[in-house]
1. Assuming Trp284 fulfils every condition listed in (1) without any contact (Cβ under 8 Å) to a residue 60 or more places away in the chain; (2) within 15 Å of Leu207 (Cα to Cα) apart from one, which condition is it?
2. Scan the stretch 291-298 and tell me whether some residue there is in a helix (DSSP H, G or I), over 17 Å from Leu208 (Cα atoms), modelled with pLDDT of 95 or more and aliphatic (A, V, I, L, M).
3. Taking the conditions exactly as written (at pLDDT below 90 and among the β-branched types (Val, Ile, Thr)), does Ile23 satisfy them or not?
4. Counting only residues that are surrounded by fewer than 22 Cβ atoms within 10 Å (Cβ to Cβ) and either on the phi > 0 side of the Ramachandran plot or modelled with pLDDT of 95 or more (or both), how many does the stretch 152-176 have?
5. Checking Lys305 against (1) surrounded by 14 or more Cβ atoms within 10 Å (Cβ to Cβ); (2) modelled with pLDDT under 95, only one condition comes out false. Which one?
6. Can you name every residue in the stretch 325-361 that is loosely packed, with under 14 Cβ neighbours inside 10 Å and either hydroxyl-bearing (Ser, Thr, Tyr) or under 23 Å from Pro68 (Cα atoms) (or both)?
7. Can you tell me which residue within the stretch 262-281, out of those that are surrounded by fewer than 15 Cβ atoms within 10 Å (Cβ to Cβ) and without any contact (Cβ under 8 Å) to a residue 40 or more places away in the chain, is farthest from Arg90 (Cα to Cα)?
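The values are calculated or read from the model by the stated rules, or taken from the named source; none is laboratory data. These numbers come from a predicted model, not from an experiment. Cβ placement follows ideal geometry from the backbone for every residue including glycine, while neighbour counts extend to all protein chains displayed.
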Amino acid sequence: MKKSKPNKSALNEKEGIPQPEFISDLVVKNIKGYRKIQPSSDELINGILKGNISDLSRAITLVESTNPEHLAKANEIIGACLSNANKSIRIGITGVPGVGKSTFIEAFGKHLTSLGKKVAVLAVDPSSTISHGSILGDKTRMEELVKDKNAYIRPSASGETLGGVARKTRETIILCEAAGFDTIIIETVGVGQSETAVHSMVDFFLLLKISGAGDELQGIKRGIMEMADAIVINKADGDNIKKAKLAKTEFNRALHLFPAKKSGWMPIVSTCSSYTKDGIDAVWKTISNYLELTKSNSYFQEKRKEQNQYWMMETINEQLKNHFYNHPEIIDLLEKKKKAVQNDELSPFAAALELLSTYYK
């Protein structure tokens, strides 16, 4: 009888290291003290520019922090890294939950690193609206890519941000580019038709689909389909190959109903298997052809400029919102107005106007 080989998947529980009978309180104190030591902005900037992953991760944590004390330090780091940014290709990858985004990105990322690319994956996990927590399990699901020395995976929680991205994804892109990553992949939460914010921060927008999910009907819907620069039918392996080819034909028909893109590019529909790796190289060839076209007709540069302007306006909106809710008078008055609205003593519109009038005084 053959012995079954042990499963090496990171998803399996592994035997841990036995704890010693006693732990020195002094050692614990020293370790905690070391973890509390925060490097200066200059130290983090120098580390990022040298490609130090630990410094990059620490800087991203500062950028993502909601602590007002971290804001100035984060802005200083981003400002210093800006001149070393904008040297990468930014690829957004989206699709409904279960389409196989993480598996695809691992196969695609490994293909890119085999070509000598340095790949940063910014994976956005959905946050619970009840507990506000997030699993952040993308590193576990990309266990081969995470071990690649030319790849970096950073999971982030979406928080209250809509549009499939995290609150500070745009700034994180800048830091990763400054650290020397020439290909940035943004994996979105996969919320479907409302997932559009990622389109405003990437050069190429890839939509993953699976066969047998209302292909042609979904294909003629506006919104996210209209934004896609390429549609890839994933899981085209085994008995599913025929269905995937049929879905490809249906999507190609649907795409002809959309108006021409400003870029002059006609979206490509292809099939691939993240399991067998078939079609993965064709996806990169499609992206390369798109980049060649858009750089030659100047659309690439113009789109980057428009995106920078868009994110300036988004930052203004975010800062105004934060300033409003952190205003001392608003904090006290807001709770009173909430109770008045709940008790039908005041309409929501009148309450909002009173709060805004107080803020603008």
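1. Status for Trp284: all satisfied but (1).
2. Within the stretch 291-298, one or more residues are in a helix (DSSP H, G or I), over 17 Å from Leu208 (Cα atoms), modelled with pLDDT of 95 or more and aliphatic (A, V, I, L, M).
3. Yes.
4. Qualifying residue count, the stretch 152-176: 2.
5. (1)
6. Tyr325, Asn326, Pro328, Glu329, Ile331, Asp332, Glu335, Ser347, Leu356, Ser357, Tyr360
7. Thr276
For every residue, the table says whether it meets (1) within 21 Å of the chain's Cα centre (by Cα); (2) farther than 27 Å from Ala351 by Cβ; (3) not hydroxyl-bearing (Ser, Thr, Tyr); (4) not in a helix (DSSP H, G or I).
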{"position": "Ala247", "(1), (2), (3), (4)": "no, yes, yes, no"}
{"position": "Glu250", "(1), (2), (3), (4)": "no, yes, yes, no"}
{"position": "Arg253", "(1), (2), (3), (4)": "no, yes, yes, no"}
{"position": "Asp281", "(1), (2), (3), (4)": "no, yes, yes, no"}
{"position": "Gln307", "(1), (2), (3), (4)": "yes, yes, yes, no"}
{"position": "Asn317", "(1), (2), (3), (4)": "yes, no, yes, no"}
